[in-house]
1. So which GluC sites (Glu not before Pro) in segment 294-363 pass both tests, a DSSP loop state and at most 16 other Cβ atoms within 10 Å of the Cβ?
2. If you wrap segment 591-634's Cα atoms in a convex hull and average its projection over all directions, what's the area in nm²?
3. Can you tell me the length gained on complete extension of the stretch residue 532 to residue 655, counting 0.36 nm per residue apart and subtracting the Cα distance?
4. At 20 °C and 1.002 mPa s, grab the translational diffusion coefficient of segment 722-823 from Stokes-Einstein with a Kirkwood Rh over Cα pairs, rounded to a whole number in µm² per second.
5. For an R0 of 45 angstrom, estimate the FRET efficiency from the Cβ-Cβ distance between residue 592 and residue 340 and round to the nearest 0.05.
6. Counting C-alpha atoms alone, how compact is segment 1162-1320: give Rg to one decimal and Dmax as a whole number, in angstrom.
7. Can you give the Kirkwood hydrodynamic radius of segment 221-261 from its Cα pairs, in Å with one decimal?
8. Once Rh is set to the Kirkwood radius over Cα pairs, what Stokes-Einstein translational diffusion coefficient, in µm²/s, holds for segment 1133-1222 at a temperature of 10 °C and a viscosity of 1.306 mPa s?
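The values are calculated or read from the model by the stated rules, or taken from the named source; none is laboratory data. What you see is a predicted model, and the numbers here were worked out from it, not measured in a lab. Neighbour counts run over all protein chains shown; Cβ positions are idealised from the backbone, glycine included. Remember, those area values only see protein heavy atoms, side chains included, never the ligands or the DNA or RNA. Shrake-Rupley method; radii C 1.70, N 1.55, O 1.52, S 1.80 Å.
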Amino acid sequence: MGPFPMSRHHCLHLLTFVCLLYHSYQGNVSQNNPLLLYSTTKDIRLVNSTARGSSYKSKPIIIVRNYSYIAAIDYHFENKKIFWVDHEQETIFSIDYDGVAAKNKVEIVNGVFTPDGLACDWFTNKIYWTDSETNRIEVATSEGKHRKVLFWTDIDQPRAIAVVPMKGYMFWTDWGESPKIERAGMNGDPATRRVIVTENIFWPNGLTIDYQTQSIYWVDGKMKFIDKMDYDGRNRVRVLEKGFEYPFALTKFQSKLFWTDWKTMAIHYFDMEGTQRLPSELLISQHPMCIHVWDERRQPKLPHPCEIDNGGCSHLCLLAPSPPGFTCACPIGIKLTSDNKTCAHGPQELLLLARRTEICLIYLDSPDYSYRVLPLSDVKYSIAVDFDPVENFIYWSDDEVKKIQKARLNGSDQQDVISTEIQDPDGIAVDWISRNIYWTDTGTDRIEVARLQGGYRRVIIGDELIDPRGIAVAAELGWLFWSDWNEVHPKVERSNLDGSERVQIVTERLGWPNGITLDLNNFKIYWCDAKSDKIEYANLDGSHRRELINDNVPHVFGFSLMGDYLYWTDWQRRAIDRAHKETGSSREVIVDQMENVMGLKAIRLGSISGSNPCKENNGNCSQLCLYRHNKTRVCACQIDYELTKDKQSCVKPEAFLLYTRKDTIGRISIKNENNEMTIPITGIKQASSIDFDTNTMRIYWSDSKLRTIMRAFINGSDPQRVIDLGLASPEGIAVDWLGLNIYWTDPVAHRIEVSRLVGSSRRTLLWDEAYEPHSIVLDPAAGYMYWSEWGTTNSIKKAAMDGTNQVKLVSTVKPATGLTLDYDRKRLYWAEKDTSAIISIDLDGNDLKYVVKDKIFEPVGLTLYKEYVYWSDNKTGEIARANKIDGSEYQAIHNISEGVTDLLVYHYLKQKQTNQCATSNGGCSHLCLALPAESPGGHVRYTCACPTHYTLQNNECHPPSHYMIYSLRNLVVRLVPDTLDCPEAVLPIQGLKAVKAIDFDSKSNFLYWIDGKSRSIKRSEASGQSLNIVVQSNQNISPFDLAVDTIGRLLFWTCALTDVINVTRLDNTNPFGSLERKDGEKPRLIAIHATKRLIFYTDVGVTPQLVRTRLDGSHRIVITRAADIAAIAVDTENDLIVWAQEHSIYISNIDGENQHVLLNESNSKIIQLTVHSGWLYWIDKELHQLQRLELISGKSRSTLVIQASHILDLISVKKPENHSCNLPHQRKCSHFCILNGTVPHCACPNGKMLQEDKRNCQILPDCGSDRFTCSVAGGDTKDCIPIAWRCDGQKDCADGSDELDCPKCMPSQFRCQDGQCIDKENYCDGYEHCTDKSDEKNCCENGFQCPQTEVCHPMSLVCDGNENCADGSDEKDCNAALTSKKSVTHTVILSVVGVVFVFAMFSVVFLRRRFLPREDITDQSEDSLSPMHPNASKNPKFRKGIPDVVRMSMLNDSGCPSTFDRRHVTGASSSSNTNGSSIGCYPRETLNPPPSPATTAASTRGSSPSSRYRPYRHYRSINQPPPPTPCSTDICDESDYNYPSRGRYDAGPFPPPPTPRSHCHQESCPPSPSSRSSTYFSPLPPPPSPVASPRGGYDS
């Protein structure tokens, strides 16, 4: 904080303090009222202890201010120092205070998590503190040096602490699950530890010592008393047990006790020798915390054994209760040497631990196994850790920052070792002898090596790795070991340190092998298996396999060995354990309940041993020296370099040979013989051809087996797919290094295509003329491309680079391969299959020469460099060269084992020419294609080109507006029938699998499809971007077909499991609802007439048919009844519907009229239909053809020349049109917009109804099965009407929906309530003929049936004066019957009334005598829970005689309750259910006090990286005590002169009960150490690496 300036405020403090001193020491009375040093959560204050009622009343002065959470304080009076702890900053501070000014604030101890108690040893200048998070008691010097843990076991929640240096004792309270007070020696000797109080104790808070009487005073915050006892806990006496609210800290001076109270927010005192019986209030303070008497008499000074020469101790001299009265101790992690006085120079045995966002040191030399977090930056997801004992550097890998880094043991000198081309480095191993580092990368599936300084990087294992994880180096033996936890083929492997002699040593009975470690003394390898929950070991060759531990190792990850012990981390137990390496015994938990434990390394400092030939001078290698087990070393070079002939020096070659061979791409030195290296690229199946681009240092190759075109950097990193859709068999490829394009041939698809180097702007150049194009070569500087054709047209051709002006140069005898170009001499070279020669012509096809004819058998892969032509001979396995002019100077430069498919010289001189496309892409927006000069000697021209089907306008490419799209199983293709371009263009949409149906939203340019494999609906932009899921898969759905409504922005889709038509919004993919389904209906195929707002679908249910409805499912019309409809399509221009049945195509208008056969062929089977630009297109499955004809005329039938055998769906796409349902600035419908004629109206899906605004939908009321739900909620009308009103010829709903879709029954038929028609003779015949059974519901055997509604009434209601039938027919012709019955009726009525009156009077008398005399009767009218309370229940009472059928005209605003009021119809009660609130349970008595008074204490602790929540802190955020003031601690005025009001809480504090450690509550159960998979509740594989990000492209 520093010295305070002598300001006006400072002078005020000085004067105040002088007054405090004056009043403290004037006479005997003042000497009994010393100064009190106390803290609030924000500051530290000093106040006179003079009673409030005395003549003088002082105000406190603030010594330290502006802190966030001061929990405990103490002082050293002689040294004039005040100490305090701050929870938020997790720090112990000190400041000098001379009675006038506070200065020289120092942070003396960092990394104290929750220090609740603090005590100063004024004898030896030490500070002791308790930490309720780590549950430790620690000590350090008053300067913060030599920190040491004294006690760490059997401590739950330590709080107050006090020391008695004259006796060598310390005392502390523990308010954990077993509350207690303990005593121990100040030296931390476990033999001196003793529990002195365990009974009649609950929340032991404050603790203070009377050194004169050797007594302990302590206060219990829950039981509210102050007790006194001696140092042994005996002679316990109750001092005070009244006048407390929530006492916290306690101090004593002479006969007075002072304490803080959280609840009263005050300091209280009690004079044990006075006359007062209750404590008094000294002052009110904001959040009072700790308190001490500031007086030198509280710290008497006596001689002690540590005062001379620190007791002879090198570091800590700690007082002890037994002779000689002290012991020497060492800081955390350092051992005491044999003289018991001197500490070692530093830690000797350590555990290095990766904890995701931290790297920690765990000190094995300390019995408490303390740990320290290294002060590092840029640690986000550390996984593996290792150590270099030579330079004492820690190395660790980080999967999030994508680096391997290093730092010293104190965290200094942090550096990046590997920071590029690294994805998920899950394992690292240091070869401290050869000075190399090895690592596994599960993202690239490689094992790599580099120098420890980070240079000279090389891949040593690049194939047959899937999930490599653990790695270990046997530097003296020349071996490397690693684990691969792939679920299909888990294994442990071994190789030499250069990757040679690779062998699998363990392959059986493995699950998830994670960490591995080596015992080189005994030649053993150990590994841990997180799936089988075992630790095993074997010899270094995998023999003599043994199981070491199989108990309580649920998910072992990190693994290390040191001396006789194995150490490991366990994700699930969140622990670090160790056990003996030979027996598995002596098992010990090193650290428990520590989240995010990853890799670890056990090290012994100063222990360096071992040697190999690489140790001295790097084995004379210029870059990497790699030791082999056969006691030889090999020099190796980083990628892009090669060894010279001395096999030691590395040089970067000017040129080298690239070759492809099955699943391998490699490089061969031209100058240095037998210098071959495989480029580490995984996933190659059948590399056919290769080329390169020196601009980006990338190689490109075609893979005919994967049917892809790939690229990667020349070192093999960052492999990417350039083209992987719509390729049948890619063969030759060629890079246009000036236009930054790539060309390729596909002989199976009969095409030559071009795209940008990243795969965009794909265009088909030749498709009809090119028959079987194979090898291809480019001359961008001249604007030509050359290619060979096979088959019946064996030849070599050339054309402009846009595919125009084809010229046949020469006919070849056999198929030509290995086409290559001599740019200097302007000649073409090639070889022919089964021909032992290399042939050459000039670029016009003239001057044919056989260049090489001798010593050549099966040449493939020709290439040129300088004066030589190079080739591979598949018969001899040689890579050879000869003079390119005459074939002389033949030389075999390399032998290769398997057949090479292509060969190419990589050199920079090849790509040094230029043309106009090399500058800003020629100004083209997409493709810039070079063209030959118009005349010899002229300038090379160029043309801007667009992707297939795009048109070029004003130098910009515009997409097509009308086209078709067809889908294959894993591919979608745009089809434009009548175009000068290739009619087909593949849409670059990834992730297509088992496509069942497609549709397209032309407004947003999104394709929608049903994924049959996952049973979900997905979408993607046509460009291939923004792939996402529209309808998630689950076991309850199986999408069958879909249709897009571009106008209403809706997606309709049918489900084969639920048999409904579902609707989803296009713009936010939210579920929308479904259409109402008729009983027995099963919708399948679906099509939309968007402009008419109609939907057509096939029904494969009880009555197979083709149905048309409006988009909301209303106005249902059956177009046709047929069981074998295979496809449907709508002609929106001519309002026609077309459908296919077996070998016939039918057509009608959209109302189902004018049906006729459009096509009928017995040998056809039509499976798909679409209408496009006036043409009907269909797929004929039998003929494997796509055919078409003019829809209106039925003529001009033709077959399109495309491969149609695997087409699954076919749609037409056109630009969206303006429509009255989506006009701008008009109010939109919340759900459906349909047309009523030509006027748009809003409608709702099934289960919803329109509100009064006629635009928004609301959920339907629960009308029940016997009511009909109207589609629109009217103002005075009801949502629910009797089912009998449905289809009765009268509109009872406000919108008339009760009369919609009503079938017309014949006069001889009876209409069921659901609209079904049956013969009248079947009505009331005792058998149910209606589906809803309504034909037998109202049969009047002994009653009266209303003629109009057919409702049956009892005969007693006929002629009763009330019209019970809607037409009043029950009251017609009643005069005659009424006269004859009147006398009889009157007699019966009078008799019944008399009997009822007598019974009622008797009941009244009986009840009055039975209940009224009781005096304890409760007036239920005031009991809100009473069923008799007026508000308890208001069930409607219905008048007798209200007819069962009431017309809307009869419902008025009179006071009579309506029979069909909404509450009655829906069955909802108007009363509230109070059962839940009437049963109350008070919480159980809490067990422990809160550690702090502020509710905000822990809420901000997680914001800083230094804040580390551990499972110990299970009382903080979870359970907070009540705040000491009603106001927020952030806004209350804490000034010296504005004391808070005397507000009090009525309820006592309810702090949290301590949770057993076995229980998980929030922080005590941290998340899984892996962000990608949790292994705590399901045994998922354990990859800690983040999911690999999608491949990125490099724009060219």
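1. Details: sites: 296, 307, 349, 358; in loops: 307, 358.
Listed in order of number, the matching sites are 307.
2. Working: hull surface 22.9 nm².
Across all orientations, segment 591-634 yields a mean hull projection of 5.7 nm².
3. Details: separation 123, 0.36 × 123 = 44.28 nm, distance 5.13 nm.
That pair, residue 532 and residue 655, stretches by 39.1 nm at full extension.
4. On the way: Rh = 13.4 Å.
So the translational diffusion coefficient is about 160 µm²/s.
5. Working: r = 30 Å, r/R0 = 0.67.
After rounding to 0.05, the efficiency reads 0.90.
6. 23.6, 65
7. Values: mean 1/r = 0.0903 Å⁻¹.
Evaluated over segment 221-261, this radius sits at 11.1 Å.
8. On the way: Rh = 14.0 Å.
The calculation lands on 113 µm²/s.
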